[in-house]
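Here's the structure we're looking at; comments come further down.
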Amino acid sequence: MAAETLAQKQRRARTILRKLRQTYPDAKCELDWSTPIELTVATILSAQCTDRRVNMVTPALFKKYRTACDWAATPAATLEDEIRSTGFFRNKTKNIRALMARLDQEFGGQLPDDFETLVKLPGIGRKTANLLVATVFGKPGLVVDTHFIRLSNRLGFVKNETDAVKIEYALQKIVPSAEWTNWSHVMVFHGRRCCYARKPECARCPIQAQCPAAKTFLAAAT
């Protein structure tokens, strides 16, 4: 069978996005937040932690810490104890305090809207920067998390690839930039609700016909 061309991948991606947007019309970032600073903190806390757990922890934090200065000034031991249940609490505390100090000192306590500036700040990698520019500032962003990585491989847009940056660059060529944010959201929703890591539910998948991996999973289930 001939390898799929870029144009064919782009057409298939359009079909996938259309079907998944119909399936998940409410697809969005599932972290609770009301200010850019809150989303930034929530995103850092979400590393190796579920959004559900983060959303249980952040309400009390967001009442207590309202500005970048508030976060930077809190003692490390205090913040560590408050976010302990999200895991990796020492490293997260270090990143949050360092980031907020930079925002307070260099950006007037505000979150910059430029991707290249964001990725140079403590605790913000490409995934977080893309989420912030997309969700807060309405700019295109491919948020490559574990669900995005898994689905990109199963859908055949990359092959046996786990490097988030390589996957981001590959999908930039396949998905129109205007749809990067929508694509990111539906990938996460579909990964959490149907295309599970261990037992994907291919029989009820709305994009079964567009997924090269579906045949293999369905055959194994029979």
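The values are calculated or read from the model by the stated rules, or taken from the named source; none is laboratory data. Keep in mind that this is a model prediction, so the values were computed, not measured. Backbone-built Cβ (ideal geometry, glycine too); neighbour counts: all protein chains shown. Ligands, DNA and RNA are stripped out before the accessible areas are found, and what is left, the full protein with its side chains, is counted by its heavy atoms. Shrake-Rupley method; radii C 1.70, N 1.55, O 1.52, S 1.80 Å.
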### Query
Listed residues Gly141, Gly191; which is over 16 Å from Lys19 (Cα atoms), under 17 Å from the mean Cα position of the chain (by Cα) and touching a residue at least 24 places away in the same chain (Cβ under 8 Å)?
Gly141
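Can you tell me which residue among Thr216, Thr181 is without any contact (Cβ under 8 Å) to a residue 24 or more places away in the chain and part of a helix (DSSP H, G or I)? Reasoning before the result, please.
Values: Thr181 fails: without any contact (Cβ under 8 Å) to a residue 24 or more places away in the chain.
One residue alone meets the criteria, Thr216.
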### Task
Determine, yes or no, whether Pro59 is in contact (Cβ under 8 Å) with a residue 12 or more places away in the chain and out of contact with any helix residue (DSSP H, G or I) (no Cβ under 9 Å at 6 or more places or on another chain).
yes
### Message
Just to check your reading of the model, which residue among Asn153, Asn130 is in a helix (DSSP H, G or I), touching a Gly at 6+ places or on another chain (Cβ under 9 Å) and either open to solvent by 40 Å² or more (accessible area, probe 1.4 Å) or not basic (Lys, Arg) (or both)?
### Response
Asn130
### Summary
In the set Glu116, Glu161, Glu168, Glu179, the lone residue that is among the acidic types (Asp, Glu) and closer than 21 Å to Asp51 by Cβ is Glu168
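Return a yes/no flag: does segment 89-96 have any residue that is under 26 Å from Thr74 (Cα atoms), surrounded by 15 or more Cβ atoms within 10 Å (Cβ to Cβ) and free of Cβ contacts under 8 Å to residues at least 12 places away in the same chain.
Yes, because at least one residue in segment 89-96 is under 26 Å from Thr74 (Cα atoms), surrounded by 15 or more Cβ atoms within 10 Å (Cβ to Cβ) and free of Cβ contacts under 8 Å to residues at least 12 places away in the same chain.
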## Note on the structure
Only one of Pro112, Pro122 is without any contact (Cβ under 8 Å) to a residue 12 or more places away in the chain and surrounded by 15 or more Cβ atoms within 10 Å (Cβ to Cβ), namely Pro112
### Query
How many residues does segment 86-100 contain that are of a type in the set (Phe, Trp, Tyr) and on the phi < 0 side of the Ramachandran plot?
1
### Message
Condition first: acidic (Asp, Glu) and open to solvent by 20 Å² or more (accessible area, probe 1.4 Å). Now tell me which residues in segment 168-222 satisfy that.
### Response
Glu179, Glu201
